[in-house]
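One structure below.
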Amino acid sequence: MPRRGLILHTRTHWLLLGLALLCSLVLFMYLLECAPQTDGNASLPGVVGENYGKEYYQALLQEQEEHYQTRATSLKRQIAQLKQELQEMSEKMRSLQERKNVGANGIGYQSNKEQAPSDLLEFLHSQIDKAEVSIGAKLPSEYGVIPFESFTLMKVFQLEMGLTRHPEEKPVRKDKRDELVEVIEAGLEVINNPDEDDEQEDEEGPLGEKLIFNENDFIEGYYRTERDKGTQYELFFKKADLMEYRHVTLFRPFGPLMKVKSEMIDITRSIINIIVPLAERTEAFVQFMQNFRDVCIHQDKKIHLTVVYFGKEGLSKVKSILESVTSESNFHNYTLVSLNEEFNRGRGLNVGARAWDKGEVLMFFCDVDIYFSAEFLNSCRLNAEPGKKVFYPVVFSLYNPAIVYANQEVPPPVEQQLVHKKDSGFWRDFGFGMTCQYRSDFLTIGGFDMEVKGWGGEDVHLYRKYLHGDLIVIRTPVPGLFHLWHEKRCADELPPEQYRMCIQSKAMNEASHSHLGMLVFREEIETHLHKQAYRTNSEAVG
């Protein structure tokens with residue numbers, strides 16, 4: 001029995017010894033594999049010509065351990081620093097919001113009835129979760145889809161183009177250009193410095209170096225804005241010699257509403273000087289004065305009219321029209337300036353502005369074929385402020401009533417044509433002639449450029465001067481301002497650029513796309529109707 005136990009003990013001893021040797025061999029091979037590569041002629045720690053000793057491997061293990069501890073300590077320090085910065089940012093935002101609320105007598109403005117999250121990062125993530133970024137939303141119809149607009153490094157492809165833009169254009173607006181450049185740079189930062197939770201593997205270049213993407217690797221991007229949540233960006237990058245694409249999704253969340261200011265505006269004593277340059281077109285002036293009588297004399301009652309008339313022909317008719325209005329309505333607040341020279345709109349408005357000699361006044365530059373409401377006059381007063389703001393409303397331009405109401409024997413009265421429908425007119429977003437601005441601002445900026453002759457151009461020059469200045473330019477469509485249709489004549493003596501602008505305006509002023517299409521295919525439609533009538537008659541006879 002003791003002999004048998006001795007044999008068993010001996011076997012166990014050799015078995016443990018074998019396992020120990022095997023583990024030592026595995027550890028030795030592991031250390032050889034993990035050891036740094038050295039030059040063949042370089043000497044390693046330890047005695048030259050001897051096998052690597054225990055001290056070498058201990059030193060190697062200690063060096064690796066210190067390296068990883070240093071790296072971990074650095075990462076922990078960076079994480080702590082980022083957390084501290086985020087906390088400070090959250091406290092600043094909270095403090096700013098509290099000061100705003102205190103300044104507003106305790107009234108705070110938020111996007112909903114719920115209290116804003118105390119942690120800024122939590123709130124921003126909540127905006128992303130509410131947006132249609134990671135999961136689709138159930139929509140009632142195809143009209144509920146918020147479309148994307150696409151862009152490359154050089155161009156933007158827009159669905160909401162307007163009349164003056166093209167389906168493909170460069171982002172000439174500085175805010176849009178800067179926005180897209182910032183987004184592309186942020187996408188590159190995400191790709192080149194990925195987080196641990198990013199679903200991408202580190203790729204290597206042809207020489208084994210880390211693969212770095214740059215802006216030339218940007219292929220295309222898409223963006224759309226959910227007005228109550230933020231803007232979503234989908235970016236795609238690709239190296240020319242690789243097949244894989246890199247996709248980055250970014251989101252710019254909107255923050256809670258914050259009050260900027262609250263003020264009382266008294267417009268009860270604000271007089272508007274309506275300045276109208278005119279040459280001939282006395283019939284249009286009769287219609288203009290009818291609108292003026294109804295809106296300005298009978299309703300608003302705080303208006304001065306300045307008419308700058310060019311030439312002699314028709315001048316007596318204009319005088320009689322003004323005298324008739326004076327006798328009927330006891331209206332005397334008007335000025336008639338006569339210029340015996342060729343019509344120049346900018347010149348007429350300059351003269352009309354300087355004809356006022358009663359100090360500061362709000363001016364409305366108006367054309368004879370403009371119809372406006374009393375509500376628009378109040379908008380003019382509310383959106384212009386001396387030394388601060390000028391108002392450039394977008395006019396709704398009516399199409400040719402002979403085409404719009406072709407199914408009626410006679411077009412309806414003008415007052416019944418004033419509707420905002422796509423077949424009745426369009427927002428004249430390329431026109432800058434109707435504007436409200438204070439006389440002091442107009443004189444300070446230098447007025448119109450007198451070098452511009454004939455049709456158009458002078459309005460754009462004035463508009464650009466304001467854009468290059470310090471005043472805020474308010475540009476928006478207004479429902480109470482209409483441009484009545486009249487036939488345009490583009491003079492042969494106009495320079496090529498002005499003539500092109502005039503022809504473009506003339507073409508867009510006639511009718512909607514669908515109505516113009518019906519006119520183009522009129523013969524084809526009539527042929528079809530004749531065939532249908534012939535077939536019907538043949539079947540009836542048969």
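How long, wide and thick is region 328-395, going by the Cα atoms along their three principal axes, in whole angstroms, largest first?
36, 33, 28
Just the number, please: percent antiparallel of the DSSP beta bridges in region 272-486, rounded to the nearest 5. List each step's numbers first, then the result.
Working: 12 of 37 bridges.
Taking every DSSP beta bridge with both residues in region 272-486, the antiparallel ones total about 30 percent.
If you bin every alpha carbon distance in region 344-448 into 10 Å steps from zero, what whole percent lands in each bin?
Percent of Cα pairs in each bin: 13, 38, 29, 16, 5, 0.
At 7 Å along Cα-to-Cβ for each site, give me the label-to-label distance between GLU487 and LEU519 in nm.
Inter-label distance under the simple model: 1.2 nm.
Below 30 Å, Cα to Cα, which lysines can LYS317 reach? Residues fewer than 8 away in the same chain don't count.
LYS301, LYS302, LYS358, LYS453, LYS488, LYS506
Past the 17 angstrom mark, what percentage of all C-alpha to C-alpha distances in region 423-473 do you count?
Counting every Cα pair in region 423-473, those more than 17 Å apart make up 40 percent.
Looking at the square roots a ≥ b ≥ c of the eigenvalues of the Cα gyration tensor of region 239-284, which shape do they give, rounded for a/c under 1.5, prolate if a/b is larger than b/c, or oblate?
Oblate shape, in that a/c is at least 1.5 and b/c is the bigger or equal ratio.
So for each of 408-420, 285-297, 220-232, 464-476 I average, over its residues, the number of other beta carbons within 10 Å; can you give me the resulting order with the highest mean first?
Ranked from most to least packed, the peptides come out as 285-297, 220-232, 464-476, 408-420.
What is region 272-486 by shape, rounded, prolate or oblate, if you read a ≥ b ≥ c off the alpha carbon gyration tensor as root eigenvalues and call it rounded for a/c under 1.5, prolate for a/b larger than b/c, and oblate otherwise? Walk me through the intermediate numbers first.
On the way: a/c = 1.44, a/b = 1.16, b/c = 1.24.
The shape class here is rounded.
How would you rank 265-272, 500-507, highest first, on the average number of other Cβ atoms within 10 Å across their residues? Display every interim value, and only then the final one.
On the way: 265-272: 11.8, 500-507: 14.9.
Highest to lowest by the protection proxy: 500-507, 265-272.
According to a simple spin-label model (label point 7 Å from Cα along Cα-to-Cβ), what is the distance in nm between LYS301 and ASP228?
4.3 nm
On a full-extension model of 0.36 nm per residue, what is the gain between LYS176 and GLU215, subtracting their alpha-carbon distance, rounded to one decimal in nm?
On the way: separation 39, 0.36 × 39 = 14.04 nm, distance 1.72 nm.
Value of the extension gain: 12.3 nm.
Run the accessible area of region 272-486 with a 1.4 Å probe and give the carbon-and-sulfur part as a rounded percent.
Carbon with sulfur: 50 percent of the solvent-accessible area.
Using θ = phi - 60° and the Karplus curve 6.51 cos²θ - 1.76 cosθ + 1.60, what whole-Hz ³J(HN,Hα) does each residue of region 510-526 get, with Gly and Pro shown as x?
7, 6, 6, 4, 5, 5, 5, x, 5, 5, 5, 9, 4, 4, 5, 5, 5
Restricting to Cα pairs below 8 Å that are 6+ residues apart, what does the relative contact order work out to for region 272-486? Please round to a whole percent.
Result for region 272-486 is 27 percent.
Rank by packing, highest mean first: peptides 439-451, 486-498, with packing defined as the count of other Cβ atoms within 10 Å averaged across residues. Working shown, then result.
Values: 439-451: 15.5, 486-498: 11.6.
Descending mean neighbour count gives 439-451, 486-498.
The values are calculated or read from the model by the stated rules, or taken from the named source; none is laboratory data. Note that the structure is a prediction, hence the values are computed from the model and not measured. Every residue, glycine among them, receives a Cβ derived from its backbone with ideal geometry; neighbour counts consider all protein chains shown. Side chains included, ligands, DNA and RNA excluded: accessible areas come from the protein's heavy atoms. Shrake-Rupley method; radii C 1.70, N 1.55, O 1.52, S 1.80 Å.
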